Amino acid sequence: MYRSKGFLFLLSIVGIFLLVYGTSVILYLLSGNYLLDGGLTDPNYVFLALSCSAPFVLYLLFSRRHSARALEVILTSGLLFVVLFIPAHFSLVLDGVEKSQNLLFRLITILPVYALLLLCISHVMLRRK
């Protein structure tokens, strides 16, 4: 069960949603501010989570039968993505960065590209192993 593609698909989406909304709640408790103006009900949080989970889901869709390797790649790159996402989210909220559509556009383009790069690097490195 833990190595099936369906489970990994669900794990990727739920994990990213927990990461995005979890850091938002923690930051609200620490600073009283959200990254996006609408708070947790802002639909851009959903869009951010879906765009960040897209590289993981696409990797699972295009990976072949090697579910054990896919699990290893997803977990490795997911951990590295968490290491980037949490400090970036914290710094944007705690520094009081001006919230605009430009900031949202940058987040929605840069973070998924970073996740895709991490997946590619993890795939290549674990393939060599």
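Just so you know, all these numbers are worked out from the coordinates, no wet-lab data involved. All values derive from a computational prediction rather than experimental measurement. Here Cβ is always computed from backbone atoms with ideal geometry, including for glycine, and neighbour counts include all displayed protein chains.
Expressed as a fraction of 2.2 N^0.38 Å, the C-alpha radius of gyration for the chain is 1.10.
For the stretch 5-128, averaging the sequence separation of C-alpha pairs within contact (under 8 Å, six or more residues apart) and dividing by the residue count gives a relative contact order of 35 percent.
If I model a spin label as a point 7 Å beyond the Cα along the Cα-Cβ vector, how far apart are those points for Leu29 and Leu104 in nm? A separation of 2.6 nm, rounded to one decimal place. Using 0.36 nm per residue and subtracting the Cα-Cα separation, the extra length available between Val113 and Asp95 on full extension is 4.1 nm. Stretching Leu10 away from Glu72 to a fully extended chain increases their span by 20.8 nm, per 0.36 nm per residue minus the current alpha-carbon distance.
In the chain, helical runs assigned H by DSSP with n ≥ 4 each contribute -39500 (n - 2.57); averaged across all residues and rounded to the nearest 500, the mean residue ellipticity at 222 nm is -28500 deg cm²/dmol.
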